[in-house]
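The values are calculated or read from the model by the stated rules, or taken from the named source; none is laboratory data. The structure displayed is predicted, hence computed values, not measured ones. Ideal geometry is used to build each Cβ from the backbone, glycine not excepted, and the neighbour counts take in all protein chains shown.
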2 protein chains.
Amino acid sequence: MSEPTPAPPARRTRIAAQDRRDLILAAAARRFAEFGFEATTVRQLADDVNILSGSLYHHFATKEDILDAIVRQPALDQRDRALRIAALPVDAETRAVTLLEADLVAFTERQEAYAIIFAERKFFRRSDQFHFVTLARRDAFEAWRTILRDGAEAGQFRADVDLYLTISTIMRMLNTGADWYRNEDGSPIDVMKSYSLEELGNFYKGFVLSSIRAPGRAGEPMPQAAAFD
Amino acid sequence: MSEPTPAPPARRTRIAAQDRRDLILAAAARRFAEFGFEATTVRQLADDVNILSGSLYHHFATKEDILDAIVRQPALDQRDRALRIAALPVDAETRAVTLLEADLVAFTERQEAYAIIFAERKFFRRSDQFHFVTLARRDAFEAWRTILRDGAEAGQFRADVDLYLTISTIMRMLNTGADWYRNEDGSPIDVMKSYSLEELGNFYKGFVLSSIRAPGRAGEPMPQAAAFD
DNA sequence: GTCTATAAGTAGATAGAC
DNA sequence: GTCTATCTACTTATAGAC
C-alpha cells in the first residue's frame, strides 16, 4: 500500500524561470540605462538577482540576448507608432502633436529601454544582430518627414522648414528629454522641480510648434492629439 | 684632440615625447568620441600610434589621465565662455544669441572633446577626478539662467518661460547637435546634406528664439552676436 | 534552476632590458 | 622612449554535479 500523498514541499525559495528572467531583465534595463551596455558585466546582473553568473546562462544564451529582449519591442513600437500616426486622416499639425505626445508618453513609461536605444545607437549601428533598431529609428524619421512635408504643403508650417535639421533636432530633444525626465541629469538645480507628463508635453509641443508654424499662425490654439489605436 | 663635431645622427624613426603624446591624445579623442571611454582599451590606443601598450605608460600614468588631458580645457572653456557672455553689458537676447553661437562654434571645432564631455556625463558624475566637469557644466547652466531671467524681466522673452526645461533642452540640443554635425548620426537620409556652420547657427537661433520671445516680437530681426573676448 | 569549478581570453598596469 | 615579458584581476561563457 502506498503512503498517503505527502503535502507538497515548501518551495518558498524556488523561483520560476519566467520570474527570474523578468528580474534579470529589470536589473539589466536599469544598469544598461545607467552605465551602458558594455560597462555592465553579467556578474553584476547575476548579483542583482542573487544568483551566480553561470546560472544566468540558463535564462539567456548571451549578454546580447538580454539587451535584445529589452530593446526589441520598444524599438518596433516606436516605428509602428510613427507610421500609423503619420498615416492618420487628419491635418499635419494634429499628426505632429499626436506623434510628439505619443513618443513622449512611451519614452517616459519605458524610459530605460528608450534611453538605452538612444545611448547605444552607435553600438547598434555596427552590429548585425541589432540592425533592426537602426532601421526602426530610420522609419520613424521618415514618418516625421511625411508629416512635416504635408504641413508645409498645406500652409500650416513654414515653407522653408529644414526637414532634416528639424526632425533630427526634435528626435534628439525627445530622446534625451525622456532620459533626463526620470534620471535628473545631474542638472544644476538646488530644488528638484518635478514635472507632470502633461507639463512636459505642453512644453515640447510649444517649443516645436513655435518654430515650425507658418508666420501669423503663432496665436492659434494647439490642436488636441488624435486617437491612433 | 677632440674629433670634429659629428653630424647629428639621423633620427627619422625617433619621435619626440611631446609628438607621441599628441598622437596618443588625438587617437584617444577619436576613439572615446566614437565608442566611449570605457569601451576603448589602452591596447587600441597603442596600436593606433604604433607602439605597444606598455610604452603608453611612459606618456600617461593611467587611462583616466588621457581622458583628463582631452576634456579638462574644453570643459573649463565652456564655463568661462558662458560666464563672460552672461556678464556682457548688452541686452539679454543678444547675450543668448552670442552664447548659443559661441558654444556651437566651440562644439564644432572641438567636436570630439565636447561629444565625450556630453556622452560620458554619467561617468564624470560618479568620479572624483572628473568632478570638475560636472561643476563646469553646472556653471554654464547658471549662466544661461541669468540670461533668460534677465530677458524675461526686460520683456524680451515670455514671462512664463520655464527656465529649467528651456535651458536643459537648449543645452542638450546643442551638445547632441554638435555630435551629429560631424558624425552623421546614422540618420536616415539618402543624400547626405552638408550644412555650413552659419546655416546651423541660424537654425538653432531661430529654433530657440521663436519659442522664448515675448508674443509680438516674432518678426523682429535676429540680433548680431556681440564680441566677448 | 542553481551550484561549483573552470576555460579562454582580455583588461589596466608594471619591471627592467636596451 | 620603446620593447619584452608578465602580473593580477576580471571578462563572457561552458560543463557537469546536485
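With the checklist (1) away from DNA strand C (no atom under 16 Å from the Cβ); (2) touching an Asp or Glu at 6+ places or on another chain (Cβ under 6 Å) in hand, flag the one item B:ARG81 doesn't pass.
The one condition B:ARG81 does not meet is (2).
With the structure loaded, tell me whether A:LEU56 is free of Cβ contacts under 8 Å to residues at least 60 places away in the same chain and within 12 Å of DNA strand D (Cβ to nearest atom) or whether it fails that test.
Here the answer is yes, as A:LEU56 does meet what is asked.
Of all the helices (runs of 4 or more DSSP H) wholly in segment A:112-183, which have at least 1 residues that are touching a His at 6+ places or on another chain (Cβ under 9 Å)?
Per the criteria, A:121-125.
What pairs can you find where one residue is in segment A:135-147 and facing another protein chain (nearest Cβ under 9 Å), the other is assigned to a helix (DSSP H, G or I) and β-branched (Val, Ile, Thr), and their Cβ atoms are less than 8 Å apart, with a gap of 6+ or different chains?
That search, which allows pairs on different chains as well, returns A:ARG137/A:ILE117; A:PHE141/A:ILE167; A:ARG145/A:ILE167.
State all residues of segment A:109-129 that are within 14 Å of another protein chain (Cβ to nearest Cβ) and closer than 21 Å to A:GLY177 by Cβ; if no residue qualifies, say none.
A:GLU112, A:ALA115, A:ILE116, A:ILE117, A:PHE118, A:ALA119, A:GLU120, A:ARG121, A:LYS122, A:PHE124
State the number of residues belonging to segment B:52-82 that are more than 14 Å from chain A (Cβ to nearest Cβ) and more than 30 Å from B:TRP144 (Cβ to Cβ).
Qualifying residue count for the region: 13.
Which numbered condition trips up A:ALA86, out of (1) surrounded by fewer than 16 Cβ atoms within 10 Å (Cβ to Cβ); (2) farther than 24 Å from B:GLU38 by Cβ; (3) touching a residue at least 60 places away in the same chain (Cβ under 8 Å)?
(1)
Which numbered condition in (1) modelled with pLDDT under 95; (2) closer than 25 Å to B:LEU148 by Cβ is the only one that B:ASN183 fails?
So B:ASN183 meets the others, but not (2).
Which ones in segment B:190-216 are over 20 Å from the mean Cα position of the chain (by Cα), more than 8 Å from chain A (Cβ to nearest Cβ) and at pLDDT 95 or above?
Residues satisfying the conditions are B:LEU209, B:ILE212, B:ARG213, B:ALA214.
Considering every residue within segment A:21-40, establish whether at least one is among the hydrophobic types (A, V, I, L, M, F, W, C) and in a loop (DSSP other than H, G, I, E, B).
yes
Out of curiosity, is B:ASP22 at pLDDT 95 or above and over 24 Å from B:ARG72 (Cβ atoms)?
no
Hey, does segment A:48-67 have a residue that's away from DNA strand C (no atom under 16 Å from the Cβ), crowded, with 17+ Cβ neighbours inside 10 Å, more than 27 Å from A:ARG213 (Cβ to Cβ) and not β-branched (Val, Ile, Thr)?
Yes: segment A:48-67 contains one or more residues that are away from DNA strand C (no atom under 16 Å from the Cβ), crowded, with 17+ Cβ neighbours inside 10 Å, more than 27 Å from A:ARG213 (Cβ to Cβ) and not β-branched (Val, Ile, Thr).
Does segment B:83-93 contain at least one residue that is more than 19 Å from B:GLU109 (Cβ to Cβ), within 15 Å of DNA strand D (Cβ to nearest atom) and either within 14 Å of chain A (Cβ to nearest Cβ) or touching a Phe, Trp or Tyr at 6+ places or on another chain (Cβ under 8 Å) (or both)?
Within segment B:83-93, none of the residues are more than 19 Å from B:GLU109 (Cβ to Cβ), within 15 Å of DNA strand D (Cβ to nearest atom) and either within 14 Å of chain A (Cβ to nearest Cβ) or touching a Phe, Trp or Tyr at 6+ places or on another chain (Cβ under 8 Å) (or both).
Which residue pairs have Cβ atoms closer than 8 Å, lie 6 or more positions apart in sequence or on different chains, and pair a first residue in segment A:26-51 that is away from chain B (no Cβ under 14 Å) and within 18 Å of B:LYS122 (Cα to Cα) with a second residue that is in a loop (DSSP other than H, G, I, E, B) and within 11 Å of DNA strand D (Cβ to nearest atom)?
A:ALA28/A:THR40
Considering only residues that are polar (S, T, N, Q) and surrounded by fewer than 18 Cβ atoms within 10 Å (Cβ to Cβ), look in segment B:35-47 and name the one that is nearest to DNA strand C (Cβ to nearest atom).
B:THR41
Within segment A:60-79, can one find any residue that is more than 25 Å from A:VAL161 (Cβ to Cβ), among the acidic types (Asp, Glu) and more than 16 Å from DNA strand D (Cβ to nearest atom)?
Checked segment A:60-79: at least one residue is more than 25 Å from A:VAL161 (Cβ to Cβ), among the acidic types (Asp, Glu) and more than 16 Å from DNA strand D (Cβ to nearest atom).
Report whether or not A:PHE118 is over 15 Å from the mean Cα position of the chain (by Cα), in contact (Cβ under 8 Å) with a residue 60 or more places away in the chain and surrounded by fewer than 23 Cβ atoms within 10 Å (Cβ to Cβ).
No, not satisfied.
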